[in-house]
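Colleague: The following block contains the structure, expressed as structure tokens.
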Amino acid sequence: MSIHLHLRSVAASEIRDDHTWLAAFMWTAWENHPDEYAAGIADSIEKVWSSVNDLYAAAEVLDADADEPWTLPIYGGRPVAHSADADPSNPPMMILDPPGVSQAADFLASASFDELWNVAGAELVGWGQDEAQARQEFLDHHRDLERLYGRAAAAGHSVVKVVWA
């Protein structure tokens, strides 16, 4: 089974804080994901987004006095509530508003991937993977997130997140 965290940059003025509407919007975006990814307005992480968050949590080890912007790229945002009559199988969603997007973009732009990997990398190597393979996978995720959040912040956009199973 495949499970993805799908992230999409959206102008805050275009978002309806309505789970049903937002699920339909994100489903259309998911169907257009290759084009949206190429345009730099979407990203997705298959299965390992919690591990990507663990990589960013190494920032807390590197700077214990810092606040926690490392939580923003993966788990940051406010949940979008289901309506009382919503289908319970609808996916969980979150919206990270423009100030949080800017904070996440700043964190990603300033975080040293090499330093994060030196702290957390050994714990992130999956079964059957060698370290170089795992490191490249996480570096690719980091670069993609840095690109998405950087573009979204520059445009003053929010980032909507949904988990597709």
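Colleague: Using Cβ contacts closer than 10 Å as the measure, can you line up W127, W27 from fewest to most?
Modeller: Lowest count first: W127, W27.
Colleague: Which order do V48, V160 fall in if you start with the one that has the fewest other Cβ atoms within 10 Å?
Modeller: Exposure proxy ranking, most exposed first: V48, V160.
Colleague: So what's the Cα pair-distance distribution over the chain, bin width 5 Å, in %?
Modeller: 2, 9, 18, 21, 20, 15, 9, 5, 2, 0
Every number in this text was worked out from the coordinates using simple rules, so none of it is lab data. Please read these numbers as outputs of a predicted model, since none were measured by experiment. Methodologically, a virtual Cβ is constructed for each residue, glycine included, from the backbone with ideal geometry; neighbour enumeration extends over all protein chains shown.
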